[in-house]
Amino acid sequence: MSRDLSVEIRLLDARLAGWGFPRWGSADAAGLDLHACLDAALDLPPQGPPALIPAGFTLAIGDPAWCGLIFPRSGLGHREGLVLGNGTGVIDADYAGPLLISAWNRNPGGAGIRIEPGDRIAQLVFTRVTRPTLTVKAAEAPRTEDQAVEAPGGRGSGGFGSTGRR
């Protein structure tokens, strides 16, 4: 297994060590478990405003070829409706502040979601970043919404799901 990235973390919440942080859920898990570093339980009402929950640490990625992505935990998102208020959190290589998790209860009705101090509520995945060279081409004539830039293979004119179902 290649370990070509070294990330420094600084614990801001002493309880993290007792909760087992940092750890991945299994030897092959992609996501590093993130804990809710709350002083008291937090109730998220259905479709209510998102809450910023401290993860209890800072990190220094430092290498601009890498970033961190914060995702909801799969089971909590599917079964409980606990997702991120911002969809996916992006941690840039030059960010050095404390990590915060934007937690949101996506359920349209029913019970709220209770988050207890120490609950594993999200996961952090490290991934490479590619910054391509972008070439801007001037439009030859005004385009309508039906006209797309021609892509290799002729795709692009149908929008989302344009390859069909089969």
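The values are calculated or read from the model by the stated rules, or taken from the named source; none is laboratory data. Owing to the predicted nature of the structure, the values given are computational and were not obtained by experimental measurement. So basically every Cβ, Gly included, is an ideal-geometry build from the backbone, and we count neighbours across all protein chains shown.
Taken residue by residue, region 68-84 has at least one member that is assigned to a loop (DSSP other than H, G, I, E, B) and either within 23 Å of L12 (Cα to Cα) or touching a strand residue (DSSP E or B) at 6+ places or on another chain (Cβ under 6 Å) (or both). None of L52, L34, L38 is out of contact with any Pro (no Cβ under 8 Å at 6 or more places or on another chain), surrounded by 15 or more Cβ atoms within 10 Å (Cβ to Cβ) and at pLDDT 95 or above except L34.
Quick one: which of W19, W104, W66, W24 is without any contact (Cβ under 8 Å) to a residue 12 or more places away in the chain and of a type in the set (F, W, Y)? Spell out how you get there, then give the answer.
Values: W19 fails: without any contact (Cβ under 8 Å) to a residue 12 or more places away in the chain; W104 fails: without any contact (Cβ under 8 Å) to a residue 12 or more places away in the chain; W66 fails: without any contact (Cβ under 8 Å) to a residue 12 or more places away in the chain.
Going through W19, W104, W66, W24 in turn, just one is without any contact (Cβ under 8 Å) to a residue 12 or more places away in the chain and of a type in the set (F, W, Y): W24.
Among the residues of region 39-53, at least one is among the acidic types (D, E) and in contact (Cβ under 8 Å) with a residue 60 or more places away in the chain.
Number of residues in region 96-130 that are over 22 Å from P45 (Cβ atoms), in contact with a strand residue (DSSP E or B) (Cβ under 8 Å, 6 or more places away or on another chain) and not in a strand (DSSP E or B): the value is 3. Among the residues examined, A138 does not qualify as of a type in the set (A, V, I, L, M) and in contact (Cβ under 8 Å) with a residue 24 or more places away in the chain.
Answer yes or no as to whether P72 is surrounded by 15 or more Cβ atoms within 10 Å (Cβ to Cβ), under 14 Å from the mean Cα position of the chain (by Cα) and not hydroxyl-bearing (S, T, Y). When the stated conditions are applied, P72 passes them. Of the residues making up region 17-48, those that are within 20 Å of the chain's Cα centre (by Cα) and outside any loop (DSSP other than H, G, I, E, B) number 6.
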